[in-house]
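The next block holds one structure in the form of structure tokens; read it before the comments.
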């Protein structure tokens, strides 16, 4: 039995998790069973816990991107097939990763053609950084090497999906359609909002198509790619929050996010993505995000709960030294929790710079 493999790419903070969550609900409404595979450079991923909290069957590929853990990707999909027999697999690659057509899609289509039916490869466009990058403006704290990754992600896409359309004026939407059309001619461009569902019928229709998709093999400089990824400090951390009295989880997450964003700006680090999830012991949860230095802290999924105990997961991707990032996250979480008489005990913490990508497979030309 073949399974439909839908991978949605896009830069850090483009909205991949919210997008896949909405796609999962749409497929489920059609009577299809859905499995999700997440991906990260480290363990303790907010996205994995978010999907599980929504009742989805999830597997995670940690430690490197799909391209470098290709066999693990196939294995995790196999685990989902054994346990849940999904009709659709939704895959969320690392947001700083590119060259996925040559290293993931082509190998899947060639080596596992009887097992996977691969959908067109859609890449989400992140307006907050993408507008500046396509205009060749200074992209905050990102160097041209990080911007290089952003552009390469769009170059290999079968379709470019301008997300967060609800946050853009009609003029801004038109400008982005024009910019992407000029720089990536021939690639379909859709406008959507993963938050409101705007444009998702056209998006799912695109993903259902079959034919000669997933064939754009990049001409890519892996030295520039590796150096662009290595600019980002990467932090995944978990903490246990406890208090003698009930506390407002949503308010606490918002204050932590806002203060973290302020600290990163003061230190000169461009935020690619700050993401938090707070979960009580009964399974209720809240998710908050900051996606650039120019955007405010936002709860994408409020919990509306006041627990005495909760688990906190912090995922931070910032153009700053990871050791500094880890120290600041610990300091901010402790300080904001102390303001509302909540104790924060860190359980795990992993900070790093992504290593050089070494793909398991890399096809020099499209075979299928």
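The values are calculated or read from the model by the stated rules, or taken from the named source; none is laboratory data. Keep in mind that what you see is a predicted model, and the values were worked out from it rather than measured. Using ideal geometry, Cβ is built from the backbone for each residue, glycine included, and neighbour counts are taken over all protein chains shown.
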- Message: Suppose we keep only residues that are part of a strand (DSSP E or B) and within 13 Å of the chain's Cα centre (by Cα) within region 1-35. Which one would you say is farthest from residue 154 (Cα to Cα)?
- Response: 7
- Query: Do we find a residue being in a helix (DSSP H, G or I), touching a helix residue (DSSP H, G or I) at 6+ places or on another chain (Cβ under 6 Å) and closer than 30 Å to residue 295 by Cβ anywhere in region 61-71?
  - Reply: no
- Has region 82-105 got at least one residue that is farther than 30 Å from residue 179 by Cα and free of Cβ contacts under 8 Å to residues at least 24 places away in the same chain? yes
- Query: Residues that are in contact (Cβ under 8 Å) with a residue 24 or more places away in the chain and surrounded by fewer than 21 Cβ atoms within 10 Å (Cβ to Cβ): which strands (runs of 3 or more DSSP E) entirely in region 282-368 hold 3 or more of them?
  - Reply: 298-301, 343-352
- Would you check if residue 75 is surrounded by fewer than 22 Cβ atoms within 10 Å (Cβ to Cβ) and in contact with a strand residue (DSSP E or B) (Cβ under 6 Å, 6 or more places away or on another chain)? no
- Message: Criterion first (farther than 21 Å from residue 89 by Cβ and free of Cβ contacts under 8 Å to residues at least 24 places away in the same chain) does residue 197 satisfy it?
- Response: no
- Query: Taking the condition out of contact with any helix residue (DSSP H, G or I) (no Cβ under 9 Å at 6 or more places or on another chain), under 22 Å from residue 357 (Cβ atoms) and surrounded by 22 or more Cβ atoms within 10 Å (Cβ to Cβ), does residue 102 pass?
  - Reply: yes
- Message: Can you tell me which condition residue 147 does not meet? The list is (1) assigned to a helix (DSSP H, G or I); (2) surrounded by fewer than 19 Cβ atoms within 10 Å (Cβ to Cβ); (3) at pLDDT below 95, and all the others hold.
- Response: (2)
- Looking at this structure, is residue 190 in a strand (DSSP E or B), closer than 30 Å to residue 117 by Cβ and in contact with a helix residue (DSSP H, G or I) (Cβ under 9 Å, 6 or more places away or on another chain)? yes
- Message: modelled with pLDDT of 95 or more, closer than 15 Å to residue 310 by Cβ and assigned to a strand (DSSP E or B): which single residue out of 253, 241 fits that description?
- Response: 241
- Which listed residue is without any contact (Cβ under 8 Å) to a residue 60 or more places away in the chain and assigned to a strand (DSSP E or B), from 212, 278: 278
- Query: If only one of 85, 132 is surrounded by fewer than 24 Cβ atoms within 10 Å (Cβ to Cβ), on the phi > 0 side of the Ramachandran plot and either in contact with a strand residue (DSSP E or B) (Cβ under 9 Å, 6 or more places away or on another chain) or outside the structural domain of residue 292 (by TED's automatic domain parsing) (or both), which one is it?
  - Reply: 85
